[in-house]
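> To start, I am sharing the structure in question, which I have written as structure tokens.
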Amino acid sequence: RQVSPHVHCAAFTPDGKHLMFSDFSAEEIGSVDITGHISNYHTAARLPEDFGPRHLLFDKDGKHLYVIGELSGEIAVFDYAAGNLSLRQVVKADEVNARGAADIHLSPDGRFLYASLRLQNDGIAIFSVEGDGTLTKTGYQLTGPHPRNFLVTEDEVIVACRDNNSIEIYSRDKNTGSLKDTGRRINVEKPVFVSF
């Protein structure tokens, strides 16, 4: 999967001037200026070897970019300004080295970041977001097998667990970010994405 180009996720920068994307194969974040001709691709940031950048997202203030590495199970935190990225932190999400990190989302208030992990010890890693954008791991919630995608609301985290044909619903403590299994399930064949 790292032999040929493999763009996995893209996001517009908060200033609306660039499109940034994760290239799983090239171990980099690419950028295209969308204010002129869309032919000026360049590498905005390199990631460590065997990182496998998958999903990326900006915080709501537009000052930080978060990227999860499928292979390394790490999250890279970048400062963002005027089209430029500067690496601030790399933090481990997957403690068992399963090489199946999947998705990341911020809580609506931006105080917590959640990361789904697959293939072993499947679940959601929970991080508090510090004032400078860095992450501190605060918890872990086991889920059903293969939590490929999930959605974070004010009060819940809704997880698409592909390999048990179920969407699982967890209550979310807005003060601590912690999750609790509600036992509520929606039966769907091979769910891989959740959206409102």
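The values are calculated or read from the model by the stated rules, or taken from the named source; none is laboratory data. Please read all numbers here as calculations on a predicted model, not as lab measurements. Neighbour counts run over all protein chains shown; Cβ positions are idealised from the backbone, glycine included. Ligands, DNA and RNA are excluded from the accessible area calculation, which covers all protein heavy atoms including side chains. Shrake-Rupley method; radii C 1.70, N 1.55, O 1.52, S 1.80 Å.
> Can you tell me what the convex hull of the Cα atoms of the range 82-196 projects to on average, as an area in nm²? Each step should come with its number before you reach the end.
On the way: hull surface 31.3 nm².
Approximately 7.8 nm², given one-decimal rounding.
> Grab the other residues whose beta carbon is less than 11 angstrom from that of ALA81, score K and R as +1, D and E as -1, and report the net. Spell out each step's value before the answer.
Working: positive: LYS63; negative: ASP15, ASP79.
Residues close to ALA81 contribute a combined charge of -1.
> Could you give each residue of the range 134-149 its phi-based ³J(HN,Hα) in whole Hz, using Karplus coefficients 6.51, -1.76, 1.60 with θ = phi - 60°, and x for Gly or Pro?
3J(HN,Hα) across the range 134-149, in whole Hz: 6, 10, 10, 6, 10, x, 8, 10, 5, 10, x, x, 6, x, 6, 9.
> Carbon and sulfur: what percent of the range 109-196's accessible surface (1.4 Å probe)?
On the way: 2000 of 4190 Å².
Taking all protein chains in place, the range 109-196 shows 48 percent carbon and sulfur surface.
> In terms of Cα to Cα distance under 26 Å, which lysines are near enough to LYS180, apart from those fewer than 8 places away along the same chain?
Filter leaves LYS60, LYS92, LYS137, LYS190.
> Tell me the relative contact order for the chain as a rounded percent, counting alpha carbon contacts under 8 Å between residues six or more apart. Walk me through the numbers on the way to the answer.
Values: 546 pairs, mean separation 21.2, N = 196.
RCO, the chain: 11 percent.
> Give the calculated FRET efficiency between ARG184 and SER128 to the nearest 0.05, with a Förster radius of 22 Å applied to their Cβ-Cβ distance.
In this case the efficiency is close to 0.30.
> Here is a follow-up. Suppose all protein chains stay in the model; what accessible area per residue would a 1.4 Å probe give for the chain, in Å²? If you can, show how the numbers build up before the last one.
On the way: 9160 Å² over 196 residues.
Per-residue value: 47 Å².
> Can you tell me how the range 36-111 classifies by the Cα gyration tensor, rounded, prolate or oblate, using a/c under 1.5 as the rounded cut?
Details: a/c = 2.04, a/b = 1.33, b/c = 1.53.
It is oblate, given that a/c is not under 1.5 and a/b is not larger than b/c.
> Moving on to the next point. Using the beta-carbon distance between VAL192 and SER25 and R0 = 22 Å, what value does 1/(1 + (r/R0)^6) give for FRET efficiency, to the nearest 0.05?
Numbers: r = 21 Å, r/R0 = 0.97.
For R0 = 22 Å, the calculated efficiency reads 0.55.
> Measure out, as a whole number of angstrom, how far apart the alpha-carbon centroids of the range 71-114 and the range 40-63 sit.
9 Å
> Quick one: pull the percent of accessible area on the range 30-106 belonging to carbon and sulfur, 1.4 Å probe, ligands and nucleic acids left out. Please list the in-between numbers first.
Numbers: 1610 of 3410 Å².
After summing per-atom areas, the C and S share lands at 47 percent.
> Taking the Cα-to-Cβ direction at SER86 and at THR136 and moving 7 Å from each Cα, how far apart do the two end points lie in nm?
2.3 nm
> Expected output is a single nm value to one decimal: the length gained when fully extending between PHE12 and GLN120, i.e. 0.36 nm times separation in residues minus the C-alpha distance. What is it?
Numbers: separation 108, 0.36 × 108 = 38.88 nm, distance 3.22 nm.
The span from PHE12 to GLN120 would gain 35.7 nm if fully extended.
> Taking only C-alpha pairs under 8 Å that are 6+ residues apart, what is the relative contact order of the range 97-196 in percent?
On the way: 262 pairs, mean separation 20.3, N = 100.
Normalised by residue count, the contact order of the range 97-196 is 20 percent.
> Once you sort the root eigenvalues of the Cα gyration tensor of the range 12-61 as a ≥ b ≥ c, which label holds: rounded (a/c under 1.5), prolate (a/b larger than b/c) or oblate (the other case)? Walk me through the numbers before you get to the answer.
Details: a/c = 2.94, a/b = 1.40, b/c = 2.09.
Here the range 12-61 falls in the oblate category.
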